[in-house]
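Reading through the structure tokens given below for one structure.
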Amino acid sequence: MCVGRCSRIVGPCLLVLGMLSVVASILLLFPGGSWQYLVDGHISRRAKIMPGTWGGGHFLLPAGAAGSYPHHCCGMAFLSVVLSKLALLGSAACFFFSGLGLTDGPLCLYNTTESLENFYLFCPSTWGTCLEPVGIVAWHVTFFSLLLLISAAEMLLTFLQIINGCAGCLCGFCERKEAGLSRVPGVR
């Protein structure tokens, strides 16, 4: 695949994944769609740091935007590589903190005779021990799992964008070849 065509495919995909990451991270703050738990401070600390917003979103969106435009010079491809490296770090951080959020579990009011086990992910029968907010464990698992999947896809696409930008700098761009233009003077 051509370097320019690849960046025009990967860039918009990164933009969409970045926006999905931001939305999933924001929804983690409102279990069951209620803002009451956020105001009262009954949100887990992993959800409060919003890894999808800064890691999978703000670090990723400039790389996606830079990748959306065709690169006709090495300078733009180099900028795309630098932004993609930052996006790779941000999506890796999002992946790490989302994994920690899954292992820590949600913050909830539970029955005093029962508590969430350390391995609550593997025992869905214990999810009902959380009394308030209702359905918090499923909410927590769903959105942190979604953030894990999104950030894994972001890491893969940013890695492809880095390889693509380096290939563009080293090997040249296809747009001139496809248009029938050559770098050799006098040759079309």
* Structure fact -> Restricting segment 1-13 to residues that are at pLDDT 75 or above and of a type in the set (Val, Ile, Thr), the one most open to solvent (accessible area, probe 1.4 Å) turns out to be Ile9
* Asked: Considering only segment 1-36, how many residues are within 23 Å of Val134 (Cα to Cα) and more than 14 Å from the chain's Cα centre (by Cα)?
  -> 10
* Asked: Out of segment 14-40, which residues are over 19 Å from Phe159 (Cα atoms), small (Gly, Ala, Ser) and open to solvent by less than 20 Å² (accessible area, probe 1.4 Å)?
  -> Ala24, Ser25
* Failed condition for Val16, given (1) closer than 19 Å to Ala93 by Cβ; (2) in a helix (DSSP H, G or I), with all others met? -> (1)
* Asked: When the residues of segment 41-65 are filtered to those that are open to solvent by less than 40 Å² (accessible area, probe 1.4 Å) and part of a loop (DSSP other than H, G, I, E, B), which remaining residue is farthest from His140 (Cα to Cα)?
  -> Leu60
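Of all residues in segment 69-92 being among the small types (Gly, Ala, Ser) and open to solvent by 30 Å² or more (accessible area, probe 1.4 Å), which is modelled with the highest pLDDT?
Looking at residues that are among the small types (Gly, Ala, Ser) and open to solvent by 30 Å² or more (accessible area, probe 1.4 Å), I get Ala92.
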* Consider only pairs whose beta carbons are under 7 Å apart and that are at least six residues apart or on different chains; among these, list those whose first residue lies in segment 28-45 and is free of Cβ contacts under 8 Å to residues at least 12 places away in the same chain and whose second residue is open to solvent by 40 Å² or more (accessible area, probe 1.4 Å) and part of a loop (DSSP other than H, G, I, E, B). => Leu38/Phe30
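The values are calculated or read from the model by the stated rules, or taken from the named source; none is laboratory data. Please read all numbers here as calculations on a predicted model, not as lab measurements. Cβ coordinates were reconstructed from backbone atoms using ideal geometry, including for glycine residues, and neighbour counts include every protein chain displayed. Accessible surface is based on the protein model in full, side chains and every heavy atom, while ligands, DNA and RNA are left aside. Shrake-Rupley method; radii C 1.70, N 1.55, O 1.52, S 1.80 Å.
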